[in-house]
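The values are calculated or read from the model by the stated rules, or taken from the named source; none is laboratory data. Bear in mind the structure is a predicted one, so any value in this text is a computation, not a measurement. Cβ placement follows ideal geometry from the backbone for every residue including glycine, while neighbour counts extend to all protein chains displayed.
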Amino acid sequence: MDKSPPPIDALYPYAHSADQDAARPAHHPVIVVGAGPVGLVLALDLAQRGTPVLVLDDQQGPGEGSRAICFAKRTLEIADRQGVGRRLVEKGVVWSVGKVFHGHDKVFEFNLLPQEGHRNPAFINLQQPYFESYLVEAIRAAQADGAPIEIRGGNTVTGIEPRADNVLVTVETPDGPYRLEAAWLAACDGARSALRGMLGLGFEGRVFEDNFLIADVRMTADFPTERWFWFDPPFDGAGQSALLHKQPDDVWRIDFQLGWDIDRAAELDPAKVRARVDAMLGADVSYDLVWTSIYTFQCRRMAEFRHGRVLFAGDAAHLVSPFGARGANSGIQDADNLAWKLDLVTRGLAPEALLDSYAEERGAAADENILNSTRATDFLTPKSPAASLFRDAVLDLARRHPFARVLINSGRLSLPSVYDGLSLTGPDELNGPPETRPGAPAVDAPLAQGFLLDRLKGRFTVLAIDAQIPDLTQLPGIPLERLTLTTSRDDPTGALRARYLGGAPAALYLVRPDQHVVARWRDATPGMIESALSAAIAKGA
């Protein structure tokens, strides 16, 4: 396995483009601002669908440090569809077990994926620069195959002017400024989004009065590949918390809770960082400091993610605390949700109102993530003596009583959102397993050949299980796949039946390009399926 450090070189170095010499601003169907994981996933998805996309980034390659490291099963499923999932899993550290400690004592442990029959693990740990570099490699391969995608590094967006039918973008480069015109602009420029500031848009929520130190250390250690979390760690007399994760290349990520009133420069002094790490690992353990940083818990979001022809995604649109791995994973699901809708709208195959459903669905997902993140933060950092008493009582009870363990919150780990009752969610006339209800992402299952999600290739799909697909009228320009499976032939483990039929003898599912279920039936006429498909394309929020 590759043991090289995460790539931070100029993967997309600045180069003068013809657009800079044009007499008037060059027009692009979609411009994505920001080449982090969210922007790259969105751009690659659009290009693979055939929609021309330009990515602008003020840097020339991935940044330093681990930053996002925990990538969830749903993210890996999205990456599989883009052709990079296996690369991520092969390089990443696979884990599913977490342990929670209070002082010296283990309170309990959990398994995030006890169920067999999934192609992907519950989580991998992988430094963000690797994630970004693999996406850039996939983009280069797509370019070589003729996909309409370009990345311009060293291109800093310094101004945007929304107009009725486009957005005028001002870009600063080493050769001076130039201007571009975008039919649609996706702002994926992170928590300190410059584009959000240029439009004067708010970012409401809570900033929690606490700070956490990240220390990436390289060492050879016999700790298992698990998530270890301490309340009141015995190596820290301040009564705070700590987290330990393994990453590739013998790098371990350690988070230390510091409190609110700190001297940031002093806490980042290598001698003080080493003192904390030595107290945790033991003074005789040899290691190298790779990267350090301090972050503050925030739970914030924009009121709306769509502003005319400007769409916000990832940390630019919403921000949560790192515990729970909800930041990058939720942002990548934003990109997955937005790409197919923006593709259809750009091609004139769906009304612009379809993009309102992006704001509706991912706004609901942000609210869910912020709620879970806020609850985790309040449990980690009690704000009153009564809250501290409650937390310690829960931790004490959880050692002996399973009912108390569900009350412990050291960061509820990321799960994909379900779009229950939202505009694009259709009828449920199967009343089957809740995990595959309309609005939910399709659940993987092993087939006689491969896995189910490998057969859902990013288009609308009618999935028939022990059923016949009726004769459907094709909507103009909308690719519609048909997939027929039988449990007797295709379901060697019984997982397909359990996850999609329950007690029903047969089922028909309509699945979106982002693999979320639109609707399901025991039996359906062509009109029922066509109506659900039309609504999933034409109906906005």
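For GLY159, the stated conditions do not hold, so it cannot be described as surrounded by fewer than 17 Cβ atoms within 10 Å (Cβ to Cβ) and in a loop (DSSP other than H, G, I, E, B).
Being of a type in the set (A, V, I, L, M, F, W, C), surrounded by fewer than 19 Cβ atoms within 10 Å (Cβ to Cβ) and more than 24 Å from the chain's Cα centre (by Cα) is a property that holds for LEU168.
Here ASN120 meets each of (1) assigned to a loop (DSSP other than H, G, I, E, B); (2) within 22 Å of GLY50 (Cβ to Cβ) with one exception, condition (2). Of the residues making up the range 233-242, those that are crowded, with 18+ Cβ neighbours inside 10 Å and either at pLDDT 90 or above or in contact with a helix residue (DSSP H, G or I) (Cβ under 7 Å, 6 or more places away or on another chain) (or both) number 3.
Matching residues to (1) of a type in the set (A, V, I, L, M); (2) surrounded by 15 or more Cβ atoms within 10 Å (Cβ to Cβ); (3) farther than 29 Å from PRO416 by Cβ; (4) touching a Cys at 6+ places or on another chain (Cβ under 8 Å):
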residue	(1), (2), (3), (4)
GLY117	no, yes, no, no
PHE131	no, yes, no, no
ILE139	yes, yes, no, no
ALA142	yes, yes, no, no
GLY154	no, yes, yes, no
ALA164	yes, no, yes, no
TRP184	no, yes, no, no
GLY197	no, no, yes, no
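Taking the range 46-81 as the range and being in a helix (DSSP H, G or I), over 30 Å from SER96 (Cα atoms) and touching a helix residue (DSSP H, G or I) at 6+ places or on another chain (Cβ under 6 Å) as the test, the residues that pass are LEU46, ALA47, ARG49. Comparison of GLU172, GLU181 shows that the only residue that is among the acidic types (Asp, Glu), touching a Ser or Thr at 6+ places or on another chain (Cβ under 6 Å), within 30 Å of ALA26 (Cβ to Cβ) and modelled with pLDDT of 95 or more is GLU172.
Taking the conditions (1) outside any helix (DSSP H, G or I); (2) closer than 18 Å to TRP228 by Cα in turn, SER417 satisfies each one other than (2).
Look at the range 407-419: where a residue is of a type in the set (Gly, Ala, Ser) and a partner is at pLDDT 80 or above, sitting 6+ places away or on another chain with Cβ atoms under 6 Å, you get SER410/VAL100; SER410/PHE229; SER414/ALA72; SER414/ASN329; SER417/ALA365; SER417/GLU368.
All of HIS318, HIS307 fail the test of being out of contact with any strand residue (DSSP E or B) (no Cβ under 6 Å at 6 or more places or on another chain) and under 28 Å from ALA35 (Cβ atoms), apart from HIS307.
For the range 70-80, a residue qualifies if it is modelled with pLDDT of 95 or more and crowded, with 22+ Cβ neighbours inside 10 Å, and the qualifying residues are THR75, LEU76, GLU77, ILE78, ALA79.
Within the set LEU135, LEU88, LEU54, the sole residue that is over 30 Å from HIS27 (Cβ atoms) and aliphatic (A, V, I, L, M) turns out to be LEU88.
Among the numbered conditions (1) out of contact with any strand residue (DSSP E or B) (no Cβ under 7 Å at 6 or more places or on another chain); (2) surrounded by 20 or more Cβ atoms within 10 Å (Cβ to Cβ); (3) not hydrophobic (A, V, I, L, M, F, W, C), the only one that SER373 does not meet is (1). On the basis of being more than 18 Å from the chain's Cα centre (by Cα) and among the hydrophobic types (A, V, I, L, M, F, W, C), does VAL277 make the cut? The answer is yes for VAL277.
The rows are residues; the columns are (1) within 25 Å of GLY50 (Cβ to Cβ); (2) in contact (Cβ under 8 Å) with a residue 24 or more places away in the chain.
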residue: PHE451; (1), (2): no, yes
residue: ARG459; (1), (2): yes, yes
residue: VAL462; (1), (2): yes, yes
residue: ALA467; (1), (2): no, yes
residue: GLN474; (1), (2): yes, no
residue: ALA498; (1), (2): no, yes
residue: ARG522; (1), (2): no, yes
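If PRO6 passes every condition in (1) surrounded by 23 or more Cβ atoms within 10 Å (Cβ to Cβ); (2) in a loop (DSSP other than H, G, I, E, B); (3) modelled with pLDDT of 95 or more but one, which one does it miss? All conditions pass for PRO6, except number (3). The residues of the range 450-509 that are aromatic (Phe, Trp, Tyr) and either farther than 27 Å from GLY85 by Cα or part of a strand (DSSP E or B) (or both), listed by number, are PHE451, PHE460, TYR509.
Condition check: free of Cβ contacts under 8 Å to residues at least 40 places away in the same chain, under 23 Å from MET528 (Cβ atoms) and surrounded by fewer than 19 Cβ atoms within 10 Å (Cβ to Cβ). Does PRO434 satisfy that? The answer is yes for PRO434. ARG362 meets each of the listed conditions (1) assigned to a loop (DSSP other than H, G, I, E, B); (2) at pLDDT 95 or above apart from (1).
All of (1) part of a strand (DSSP E or B); (2) touching a Ser or Thr at 6+ places or on another chain (Cβ under 9 Å); (3) under 30 Å from GLY200 (Cα atoms) hold for VAL290 with one exception: (3).
Identify, please: which residue in the range 67-100 is within 30 Å of PRO402 (Cβ to Cβ) and aliphatic (A, V, I, L, M) and is, among those, nearest to the chain's Cα centre (by Cα)? Among those that are within 30 Å of PRO402 (Cβ to Cβ) and aliphatic (A, V, I, L, M), it is ALA72. A search for C-beta distances below 8 Å between a residue of the range 363-374 that is farther than 15 Å from ILE332 by Cα and any residue that is charged (D, E, K, R), counting only pairs 6+ apart in sequence or on different chains, returns ASP367/ARG301; ILE370/ARG300; ILE370/ARG301; ASN372/ARG326; ASN372/ARG412; SER373/ARG326; THR374/ARG206.
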